[in-house]
Amino acid sequence: MQDQEVRQIVAEVLAEQHRLHSANVDNETLRTISTILTSFGIEEEDRRELRADFQHLRKWRKASEQVSSYGLKAAVTILISGVAGAIWLGIKTRLGQ
């Protein structure tokens, strides 16, 4: 056997071991997540409902952030308008005297 053939065989064996290890890790991860969700009372059949719930929560969070952002913008606009109005009223009063 030549050196190149040995390297190729070793590479193939290592690749197969990596594939088997990855598959084993994936199975263990899936089983762990399933166990955790079951402990929370979420059965495997409820995956679609759980996904819909998370989508709803994400929409709710984004809407809440948007309301907060618009509220801050409205407050700044009111303050600037008030200051500008007071300045305008002051100038108008000065010019009226």
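The values are calculated or read from the model by the stated rules, or taken from the named source; none is laboratory data. All values derive from a computational prediction rather than experimental measurement. FYI the Cβ positions are ideal-geometry reconstructions off the backbone, even for glycines, and counts take in every protein chain you see. In case anyone asks, the SASA skips ligands and DNA or RNA and just uses the protein heavy atoms, side chains included. Shrake-Rupley method; radii C 1.70, N 1.55, O 1.52, S 1.80 Å.
Within the range 3-29, residues that are part of a helix (DSSP H, G or I) reach no partner that is among the acidic types (D, E) with beta carbons closer than 6 Å at six or more positions or on different chains. The residue of the range 54-76 that is nearest to the chain's Cα centre (by Cα), among those that are open to solvent by 90 Å² or more (accessible area, probe 1.4 Å) and farther than 24 Å from I42 by Cβ, is E65.
Selection of the range 43-53 for residues being modelled with pLDDT of 80 or more and surrounded by 10 or more Cβ atoms within 10 Å (Cβ to Cβ) yields E49, L50, R51, A52, D53.
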